[in-house]
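The values are calculated or read from the model by the stated rules, or taken from the named source; none is laboratory data. Predicted model, so just to flag it, every value in this text is computed and none were measured. Note: ideal-geometry Cβ built from the backbone for every residue, glycine included; neighbour counts use all protein chains shown. Just so you know, the surface numbers come from the protein's heavy atoms only, side chains and all, with ligands and any DNA or RNA stripped out. Shrake-Rupley method; radii C 1.70, N 1.55, O 1.52, S 1.80 Å.
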Amino acid sequence: MVRKQSWRERAMSHIQAHSSLYLFVSVLLLMGVIFGAILVNSLHASQKQDLYFYLNRFFGQVSQGKFAQPIEMFQESYFSHLKYIGFIWLLGISMIGLPLIFVLLFLKGVVVGFTVGFLVSQLGWSGFLLSAVAIMPQNFIIIPTFIITTVIAVSFSLRLIRHQFVRKLHEPFLPLFTRYTVFFLVIGIVLAGASMVESYVAPSFMKVVIKTLNEK
């Protein structure tokens, strides 16, 4: 009788089987973050001034407690994440969308890198502290989730390509597609947690940090 693998054993075997892809995707995301941070230096002085003006106004509103309602922030954040993974899911089953999966992950890194880079360039240590409380908490969930999602979508797309062009493979498509879709549904639930952090936890941290910095 064959022993059924636990979910940990399945996860470990999955990571081992796709270790090179995980490495490539992680490096790609890191390159996006670095590129985003470097991109800050390419902005004109007037563009930096405009962004800094809006940033100061936003921080002023935060210090006065003028946040959007957490439920509204949650809905906006969560639907944004759902649209992203929905697009990744679609690209994974399209085969021809394979390169776009990598592009989307790279752009995610660019956004994070640019945001952190701009805050640090304009506010120095205070900007780094604000990044740590406003951006990093939810990204501790989002970044690993997007890396795993990208690997799953790419590996599924590659499997479809092999099925299409290697006629000797006769693995049923429906079970593969079902597992692939269920995985994305689970990821959707996980990202709800990230949106909760972004909407309820991060704003509270930001308010405390901004208030502390204003008192100095």
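Structure notes:
- Filter result for LEU107 (open to solvent by less than 60 Å² (accessible area, probe 1.4 Å) and at pLDDT below 95): no
- Among the conditions (1) under 21 Å from VAL40 (Cβ atoms); (2) out of contact with any Gly (no Cβ under 6 Å at 6 or more places or on another chain), the only one that VAL151 does not satisfy is (1).
- Residues that are out of contact with any helix residue (DSSP H, G or I) (no Cβ under 7 Å at 6 or more places or on another chain) and either under 25 Å from ILE189 (Cβ atoms) or at pLDDT 90 or above (or both) within region 121-142 comprise MET136, PHE140, listed in sequence order.
- Scanning region 67-104 for residues that are open to solvent by less than 50 Å² (accessible area, probe 1.4 Å) and aromatic (Phe, Trp, Tyr) turns up PHE74, TYR78, TYR84, PHE102.
- Matching residues in region 58-71 - criterion: being modelled with pLDDT of 70 or more and closer than 16 Å to MET206 by Cβ: GLN69, PRO70
- Checklist (1) closer than 18 Å to MET196 by Cα; (2) at pLDDT below 90; (3) among the hydroxyl-bearing types (Ser, Thr, Tyr) applied to THR115, failing item: (1)
- Taken as a whole, the condition of being open to solvent by less than 80 Å² (accessible area, probe 1.4 Å), modelled with pLDDT of 80 or more, of a type in the set (A, V, I, L, M, F, W, C) and out of contact with any Asp or Glu (no Cβ under 9 Å at 6 or more places or on another chain) does not apply to LEU51.
- Test for VAL110: is it under 30 Å from HIS44 (Cβ atoms), part of a helix (DSSP H, G or I), without any contact (Cβ under 8 Å) to a residue 12 or more places away in the chain and of a type in the set (A, V, I, L, M): no
- Candidates PHE118, PHE102, filtered to the one that is over 30 Å from LEU174 (Cα atoms), touching a residue at least 24 places away in the same chain (Cβ under 8 Å) and not hydroxyl-bearing (Ser, Thr, Tyr): PHE118
- Picking from residues in region 124-133 that are surrounded by fewer than 21 Cβ atoms within 10 Å (Cβ to Cβ), in contact with a Phe, Trp or Tyr (Cβ under 9 Å, 6 or more places away or on another chain) and aliphatic (A, V, I, L, M), the one that is nearest to MET196 (Cα to Cα) is VAL133.
- In region 23-48, the residues that are loosely packed, with under 11 Cβ neighbours inside 10 Å and among the hydroxyl-bearing types (Ser, Thr, Tyr): SER42, SER46
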